[in-house]
Every structure is written in structure tokens, then in C-alpha cells.
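Q: Have a look at this one.
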């Protein structure tokens with residue numbers, strides 16, 4: 001168990017913002033290389049990884065850092081033998097960064113017994129930061145403005161207020177391609193097209209009622225999101241109905257982000273199908 005009190009969220013935010021300033025200063029000039037798995041990595045990924053890992057190790061010397069740009073043997077050891085650790089993606093959605101766009105983020109989470117309990121998602125080029133507060137709630141901050149508490153929309157509350165669910169329902173989607181997953185019958189539903197963990201942030205703020213993600217996100221991508229969404233009153237569940245787990249490997253299965261009252265309606269009861277398909281069209285009761 002992590003020794004209490006937990007690290008100050010302000011200290012973690014300072015680490016994230018220092019990394020954000022670093023990657024912003026390197027955007028457009030950072031050299032790009034290929035990893036063994038074929039994905040791109042830049043000098044900024046490596047530099048931000050070193051900065052964050054060093055800072056977190058100084059902040060909590062007894063808590064190891066699982067990070068995307070670590071040596072594989074370090075991450076493998078942490079996954080196999082450690083239950084309390086930091087999870088870091090120093091530059092998520094690297095392709096957006098390479099292309100000079102603003103969809104990338106710096107992701108930091110603290111996990112206790114394999115459950116994310118603290119999270120920071122910083123989008124340096126957007127000037128947006130989402131984080132868990134020490135009061136147990138979730139917050140969004142634009143640049144240096146005062147942080148504002150955020151909350152996932154309750155499906156049941158909307159229905160009780162007599163809302164036409166289809167007219168108010170917004171879904172956060174990937175920026176490339178999966179708009180076709182919503183058939184013509186659902187075209188009246190609003191869509192918010194964005195990248196990476198920003199989709200789940202739209203759910204955490206109530207701007208979208210839900211987002212559904214395909215298998216492939218890594219632990220360090222989603223761990224901070226999980227902490228933030230749950231602090232905002234939402235939940236993240238596998239599409240087979242199970243709670244999303246962070247102790248079964250780096251690659252996560254399909255999952256959906258929404259208020260528990262909506263997840264109860266659109267996801268099946270728990271099953272053994274790890275990647276049960278999510279079908280919005282099947283849920284006419286909405």
C-alpha cells in the first residue's frame with residue numbers, strides 16, 4: 001500500500017507542466033525515429049520521459065515508474081512484481097505532435113493495488129489540463145485560470161428531467177474514420193470528433209454522454225483517464241460488462257466511458273467475451 005498522505009496533486013501538475021513546456025519547445029524540430037513495433041517516437045518523447053521519470057522518482061523514491069519509453073525489462077518487472085506504481089505516457093498521440101497538431105497529451109497516473117487513484121492529463125497545445133483533486137473530485141483547468149470541477153452527465157437524471165435523450169446525446173469519436181459506426185438512424189446524435197484520451201475528457205466534463213474505445217490503448221494511456229472519470233462520477237467498463245482492469249498486461253481491451261446509469265443500459269451483464277462488440281444501434285430504449 002502507498003504510504004499516506006498521497007503525493008500532492010500540485011507537485012504532479014508541476015511535473016506535467018514542465019514536460020508540457022519541454023515538448024512544446026521541441027515541436028517542429030524533434031527528430032523522428034521508428035520503434036521496433038513500427039510506431040513513431042520523437043526526441044521529445046524521450047526527453048519528456050526522462051524529465052517525468054526523474055521528477056516522480058524524486059517525489060516518491062519508493063514508487064517505481066512504468067513508462068512507455070522505459071526499457072521493456074523495466075516495465076515487465078513492474079507489471080509482474082509491483083502493485084503500486086506510476087504509469088506515464090510522456091507524449092500520447094505522437095503522430096498528432098509530429099504533424100504539428102494539438103491532439104497530443106502528457107499522461108500521468110498513480111496506481112495503488114493496480115487501481116488508478118490519481119491522474120493528470122495535460123494537453124499542452126490546447127492549454128487544457130484535467131486532473132483528480134485531493135478532495136476526491138475531478139477538475140479541468142484552462143491555462144492559468146482557476147480550475148473548475150467537472151462532472152459526468154447522469155443518464156437517469158436526464159430522463160427524470162424529461163430530456164429527449166437522442167436530441168441531447170453527444171458521443172466522442174476518433175478523429176479519423178469511425179463516424180460510420182453510427183448508422184443513418186442515429187445521425188441525429190451529436191458527435192464530437194477528437195483524439196486520444198481527449199474523448200474521455202469530453203465525457204468527464206459532461207460535453208459528451210459517452211465514448212467507446214477499441215482494443216489497443218495501453219495501460220499508461222488510460223490509467224489517468226480512469227482516475228479522472230471516476231472522480232467526475234463516471235465509470236470505464238470493458239465492453240463485456242466487466243470493470244476495466246490494470247493488472248492483466250499493457251494492452252487494454254475494448255471499453256466504454258460514461259455515467260454508470262448509462263453503462264448499465266448499453267453494456268451486457270458481465271460475460272467471458274473479452275471484446276464483446278458495442279452496438280449503439282441495438283439500444284432502442286435510449
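Q: Scan region 204-216 and give yes if some residue there is over 14 Å from the mean Cα position of the chain (by Cα), under 18 Å from residue 138 (Cα atoms) and modelled with pLDDT of 95 or more, otherwise no.
A: Taking region 204-216 first, the residues over 14 Å from the mean Cα position of the chain (by Cα) are 206-209.
Add one more test, that the residue is under 18 Å from residue 138 (Cα atoms), and what stays is 206-209.
From what is left, the residues that are modelled with pLDDT of 95 or more are none.
No, there is no match, as no residue in region 204-216 is over 14 Å from the mean Cα position of the chain (by Cα), under 18 Å from residue 138 (Cα atoms) and modelled with pLDDT of 95 or more.
Q: For region 231-248, enumerate the residues that are farther than 16 Å from residue 132 by Cα and part of a strand (DSSP E or B).
A: Hits for region 231-248 are 237, 238, 243.
Q: Something else now. Go through (1) touching a helix residue (DSSP H, G or I) at 6+ places or on another chain (Cβ under 8 Å); (2) surrounded by 16 or more Cβ atoms within 10 Å (Cβ to Cβ) and name the single condition residue 141 misses.
A: Among (1) touching a helix residue (DSSP H, G or I) at 6+ places or on another chain (Cβ under 8 Å); (2) surrounded by 16 or more Cβ atoms within 10 Å (Cβ to Cβ), the lone unmet condition for residue 141 is (1).
Q: Follow-up question, since we're still on this one. Give 49, 40 a once-over and let me know the one that is crowded, with 19+ Cβ neighbours inside 10 Å and outside the structural domain of residue 251 (by TED's automatic domain parsing).
A: The unique qualifying residue is 49.
Q: Within region 55-64, identify whether any single residue is under 19 Å from residue 219 (Cβ atoms), at pLDDT 95 or above, in contact with a strand residue (DSSP E or B) (Cβ under 7 Å, 6 or more places away or on another chain) and not in a helix (DSSP H, G or I), and answer yes or no.
A: yes
Q: Same structure, new question: Looking at (1) in a loop (DSSP other than H, G, I, E, B); (2) surrounded by 22 or more Cβ atoms within 10 Å (Cβ to Cβ), which one does residue 122 not meet, given that it meets all the others?
A: Evaluating residue 122 over (1) in a loop (DSSP other than H, G, I, E, B); (2) surrounded by 22 or more Cβ atoms within 10 Å (Cβ to Cβ) leaves (1) as the failure.
Q: Working only within region 100-114, note down all residues that are over 12 Å from the mean Cα position of the chain (by Cα) and crowded, with 17+ Cβ neighbours inside 10 Å.
A: Correct list: 102, 103, 110, 111.
Q: Looking at 178, 183, 190, can you tell me which residue is at pLDDT below 85 and in contact with a strand residue (DSSP E or B) (Cβ under 6 Å, 6 or more places away or on another chain)?
A: On the way: 178 fails: in contact with a strand residue (DSSP E or B) (Cβ under 6 Å, 6 or more places away or on another chain); 183 fails: in contact with a strand residue (DSSP E or B) (Cβ under 6 Å, 6 or more places away or on another chain).
190 is the lone residue from the list that is at pLDDT below 85 and in contact with a strand residue (DSSP E or B) (Cβ under 6 Å, 6 or more places away or on another chain).
Q: Which numbered condition in (1) touching a residue at least 12 places away in the same chain (Cβ under 8 Å); (2) out of contact with any strand residue (DSSP E or B) (no Cβ under 9 Å at 6 or more places or on another chain); (3) part of a helix (DSSP H, G or I) is the only one that residue 19 fails?
A: Single failed check for residue 19: (2).
Q: Return the residue satisfying two criteria in turn: it lies in region 65-101 and is assigned to a loop (DSSP other than H, G, I, E, B) and touching a helix residue (DSSP H, G or I) at 6+ places or on another chain (Cβ under 7 Å), and of such residues it is nearest to residue 200 (Cα to Cα).
A: 68
Q: Just to be sure before I move on: is residue 160 farther than 22 Å from residue 34 by Cβ, out of contact with any helix residue (DSSP H, G or I) (no Cβ under 7 Å at 6 or more places or on another chain), without any contact (Cβ under 8 Å) to a residue 60 or more places away in the chain and not assigned by TED's automatic domain parsing to the domain that holds residue 13 in the structure I sent?
A: Taking the combined requirement at face value, the residue satisfies it.
Q: Within the group 54, 31, which residue is touching a helix residue (DSSP H, G or I) at 6+ places or on another chain (Cβ under 8 Å) and more than 23 Å from residue 1 (Cβ to Cβ)?
A: 31
The values are calculated or read from the model by the stated rules, or taken from the named source; none is laboratory data. It should be emphasised that the depicted structure is a prediction, and the values quoted were computed from it without experimental measurement. No Cβ is skipped: glycine too gets one built from the backbone with ideal geometry, and neighbour counts run over all protein chains shown.
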